[in-house]
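*Asks:* Here it is, the structure in full.
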Amino acid sequence: MARKSSKKNSPDARLQLGKQVGMPASPEAAQLDRVPNPHPKDNYLVRFVAPEFTSLCPITAQPDFAHLVIDYVPDQWLVESKALKLYLSSFRNHGAFHEDCTVGIGKRLVKEIRPRWLRIGGYWYPRGGIPIDVFWQTGKLPSGVWVPDQGVPPYRGRG
């Protein structure tokens, strides 16, 4: 006999999770899903690392590459990881400066999941011989939360 799934454990029908979905045409068109935080009373850190992030230079349309590190302390919501991957992938054909991509991603996450705290580090590979690193965060880190170093070395090939 098939087991009935409980409403608590079944994914929201609006989520992309568990479905075959295509790549969003742009960051604005990307659906950034959230799911309930199972531990909303606890302060803890969630980290996402995207070592192969890609966008386009808005002037030359040449590809730009970055290693992104996103740290956040959730409140009521978590960002759903498949939706985040699709959202980040939507930048591949999007023209924007490094600063706009990095800060824009941070602001979009804050808008969608309203974390207690979030920081994003965008470690961009050099173009014209100069690496550009962009950092953005909201407010103060809640007390008692351990935040490890982002682990990205200063530029030497980002090796």
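Laboratory data are not the source of any read-out in this text; all were calculated from the coordinates shown. From a predicted model like this one, the values you see are computed outputs, not experimental measurements. We place every Cβ from the backbone using ideal geometry, glycine too, and count neighbours over all the protein chains shown.
*Asks:* Using +1 at the Cβ of each Lys and Arg and -1 at the Cβ of each Asp and Glu in the chain, identify which of 35, 97, 135 lies farthest towards the dipole's positive end.
*Replies:* 35
*Asks:* Answer rounded, prolate or oblate for the stretch 44-137, using the Cα gyration tensor with square roots of eigenvalues a ≥ b ≥ c: rounded when a/c is under 1.5, else prolate when a/b is larger than b/c, else oblate.
*Replies:* Because a/c hits 1.5 or more and a/b exceeds b/c, the stretch 44-137 counts as prolate.
*Asks:* If each residue of separation counts as 0.36 nm, what is the full-extension length gain between residue 49 and residue 100 once their alpha-carbon separation is subtracted?
*Replies:* The span from residue 49 to residue 100 would gain 16.5 nm if fully extended.
*Asks:* List the relative contact order of the chain as a percent without decimals, with contacts defined as Cα pairs under 8 Å and 6+ residues apart.
*Replies:* Computed value for the chain: 23 percent relative contact order.
*Asks:* When the chain is fully extended, how far beyond the present Cα-Cα distance does residue 57 get from residue 114, taking 0.36 nm per residue of separation?
*Replies:* Length gained, residue 57 through residue 114: 17.6 nm.
*Asks:* Name the shape class, rounded, prolate or oblate, that the alpha-carbon gyration tensor gives for the chain, where a ≥ b ≥ c are the square roots of its eigenvalues, rounded holds for a/c under 1.5, and otherwise prolate holds if a/b is larger than b/c and oblate otherwise.
*Replies:* oblate
*Asks:* With +1 on each Lys and Arg Cβ and -1 on each Asp and Glu Cβ, and nothing else charged, work out how big the dipole of the chain is about its Cα centre, in Debye to the nearest 20.
*Replies:* Its charge dipole is roughly 680 debye.
*Asks:* Find out how many positive minus negative residues lie around residue 145, taking Lys and Arg as positive, Asp and Glu as negative, among other residues whose Cβ is under 13 Å from that of residue 145.
*Replies:* Here the charged neighbours net out to +1.
*Asks:* Compute the long axis of helix 98-113 from its Cα atoms, compare it with the longest principal axis of the Cα atoms of the chain, and write down the angle in degrees, 0 to 90, nearest 10.
*Replies:* 10 degrees
*Asks:* Please report, in debye to the nearest 20, how large the charge dipole of the stretch 44-137 is about its Cα centre when each Lys and Arg carries +1 at its beta carbon and each Asp and Glu carries -1 there.
*Replies:* For the stretch 44-137, the charge dipole is close to 220 debye.
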